[in-house]
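The values are calculated or read from the model by the stated rules, or taken from the named source; none is laboratory data. Computed from a predicted model, the values in this text were never measured in an experiment. Methodologically, a virtual Cβ is constructed for each residue, glycine included, from the backbone with ideal geometry; neighbour enumeration extends over all protein chains shown. Accessible surface is based on the protein model in full, side chains and every heavy atom, while ligands, DNA and RNA are left aside. Shrake-Rupley method; radii C 1.70, N 1.55, O 1.52, S 1.80 Å.
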Amino acid sequence: MRRNLFDDVHEDFRESFRTFLSREVIGGEGRYEQWERDGIVPREVFALAGRGGFLGMSVPERYGGAGAEDFRFNLVIGEACQRAGVGSFGLGITLHNDISLPYFLRYCTESQRERWLPGIVSGELITAIAMTEPGIGSDLASMSTRARRDGEHYVVDGSKTFITNGINADLIITAVKTDPSERHRGISLLVIERGTDGFERGRNLEKIGQHAQDTAELSFSGAHVPVENLLGSEGEGFVQLVSNLPQERLSIAASAVAAGEAMIGWTLDYVRERKAFGQPIGSFQSSRFTLAELRGEVDVARVYVDRCAQALDEGELTAEDAASAKWWCTDLQGRVADRCLQLFGGYGYMTEYPIARAFADARVTRIYGGANEIMKEIVGRSLGL
Ligand SMILES: Cc1cc2nc3c(=O)[nH]c(=O)nc-3n(C[C@H](O)[C@H](O)[C@H](O)COP(=O)(O)OP(=O)(O)OC[C@H]3O[C@@H](n4cnc5c(N)ncnc54)[C@H](O)[C@@H]3O)c2cc1C
């Protein structure tokens, strides 16, 4: 079905981002494979992306951005990364653009904007958001990282884990308890900067997929964070998180659908070529049915996600719609990955084939951004249940 979400300007942007991907990410013998082995993307790649205009597109021009408050540009980046089979590079960049940046745009004071936005756009300041702790993930209100006010500083103690961009990040939006006697209302957001005394990074965690993405542990032991690094007001953190999560979940859903499209494309190419019993494996009725089912499911998901993107830009995307998009599209991504991999036979299990990597990368999308069970809780509650 023809998509009517994008205009020419987005297609031009897509073209230049694709060129960036082929020059700086895929190009150069085995560069991406090396990052997958290293467990991290070099920081310089963010600076190159910044130079190309692919970071912080919605930042106002006076801070170096393009002033394009249009989520469709963000979608183009996530989609292109999935189609090129470089999803774990894509996660770092979509986290920076789609997930962290809105906090800086919505809650920064003028002086915070001047300090941080230009670097976020240029890629010199890489961002992360740290909510999850070793003891809590879904139940955010039970977090225990504590920030105690001491004059012009907060003294932060605690730890975070599974933090995307955790090694590369310069600015980490960190959810802390400023009032431990409260649950939701005791949470605040502090921007903790690289080099802060008492802040250390732990391991870059070994994962089953998303290998080029640095996912790290962070620890705070009497970390001294200036009061001027508070985002918004004390006690507002939970509301700030809840209001930004729909965009985060849409970003994950959109990448999941694009990953599904990519996997179907690779599989079609493969089943046309590969022969068994004297005929292309794609000509078996079971293969045709599999691919026809997946094609239909992904097309249906695509229309819903595109509609959500329009709703986001119109300021109308609800938490429930975003939660539905997230659980449905990521479940679908898992089904597509599994069924497409099957059609590759043994080759599908070999990491040199993009389908193998996409299969491993897909598993986490049902967990992060809020586990899919939590998405169903959000939708279920809206049904009055
Ligand atoms: C690769 C990766 C990157 C991540 N990046 C970030 C990041 O950048 N920043 C960040 O803050 N976090 C990040 N996370 C953490 C992620 O958001 C959490 O893992 C997720 O929210 C689930 O929390 P948990 O792991 O503590 O699972 P738990 O909360 O312990 O839940 C475990 C399981 O229990 C079930 N469950 C829990 N609660 C309910 C319920 N109410 N009803 C029904 N079932 C339930 C679900 O099946 C859930 O998957 C990342 C995680 C991974 C793996």
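Things to note:
- Every residue from the range 179-193 that is within 16 Å of the ligand (Cβ to nearest atom) and not aliphatic (A, V, I, L, M): 183, 184, 188
- Restricting the range 42-68 to residues that are within 17 Å of residue 9 (Cβ to Cβ) and aliphatic (A, V, I, L, M), the residue that is surrounded by the fewest Cβ atoms within 10 Å (Cβ to Cβ): 66
- Strands (runs of 3 or more DSSP E) completely within the range 118-223 that count 3 or more residues being open to solvent by 40 Å² or more (accessible area, probe 1.4 Å): 146-150, 153-164, 199-204
- The residues on offer are 174, 178, and the sole one that is polar (S, T, N, Q) and more than 24 Å from the chain's Cα centre (by Cα) is 178.
- Checking 79, 36 one by one, the residue that is modelled with pLDDT of 95 or more, within 16 Å of the ligand (Cβ to nearest atom) and either within 18 Å of residue 165 (Cβ to Cβ) or buried (at least 17 other Cβ atoms within 10 Å of the Cβ) (or both) is 36 and no other.
- Close contacts from the range 184-202, counting a first residue that is more than 13 Å from residue 218 (Cβ to Cβ) and without any contact (Cβ under 8 Å) to a residue 40 or more places away in the chain and a second that is open to solvent by 20 Å² or more (accessible area, probe 1.4 Å) and among the small types (Gly, Ala, Ser), with Cβ to Cβ under 9 Å and a gap of 6+ residues or different chains, come to 197/222.
- The set of residues in the range 224-243 that are touching a helix residue (DSSP H, G or I) at 6+ places or on another chain (Cβ under 6 Å), farther than 19 Å from residue 171 by Cβ and open to solvent by 30 Å² or more (accessible area, probe 1.4 Å) contains only 238.
- Of all the residues in the range 194-210, those that are touching a helix residue (DSSP H, G or I) at 6+ places or on another chain (Cβ under 7 Å) and either among the basic types (Lys, Arg) or more than 16 Å from the ligand (Cβ to nearest atom) (or both) number 0.
- Some residue of the range 10-28 being in contact with a His (Cβ under 9 Å, 6 or more places away or on another chain) and under 27 Å from residue 302 (Cβ atoms): no
- Among all positions in the range 39-57, there is no residue which is under 25 Å from residue 315 (Cα atoms), assigned to a helix (DSSP H, G or I) and under 16 Å from the mean Cα position of the chain (by Cα).
For every residue, the table says whether it meets (1) within 13 Å of the ligand (Cβ to nearest atom); (2) among the small types (Gly, Ala, Ser).
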| site | (1), (2) |
| --- | --- |
| 151 | no, yes |
| 159 | yes, yes |
| 165 | yes, no |
| 176 | yes, no |
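- If the condition is being more than 24 Å from residue 300 (Cβ to Cβ) and open to solvent by 30 Å² or more (accessible area, probe 1.4 Å), then the range 325-353 contributes 345, 346, 347, 349, 350, 351, 352, 353.
- Check on residue 17, surrounded by 15 or more Cβ atoms within 10 Å (Cβ to Cβ), within 19 Å of residue 214 (Cα to Cα), of a type in the set (Phe, Trp, Tyr) and touching a residue at least 12 places away in the same chain (Cβ under 8 Å): no
- Residue in the range 332-354 that is in contact (Cβ under 8 Å) with a residue 60 or more places away in the chain and within 13 Å of the ligand (Cβ to nearest atom) present: no
- Identity of the residue in the range 300-316, over 21 Å from residue 332 (Cα atoms) and not acidic (Asp, Glu), that ends up surrounded by the most Cβ atoms within 10 Å (Cβ to Cβ): 312
- Residue 125 vs. criteria touching a strand residue (DSSP E or B) at 6+ places or on another chain (Cβ under 6 Å) and within 15 Å of the ligand (Cβ to nearest atom): no
- Boolean, residue 262 is buried (at least 22 other Cβ atoms within 10 Å of the Cβ), part of a helix (DSSP H, G or I) and touching a Leu at 6+ places or on another chain (Cβ under 6 Å): no
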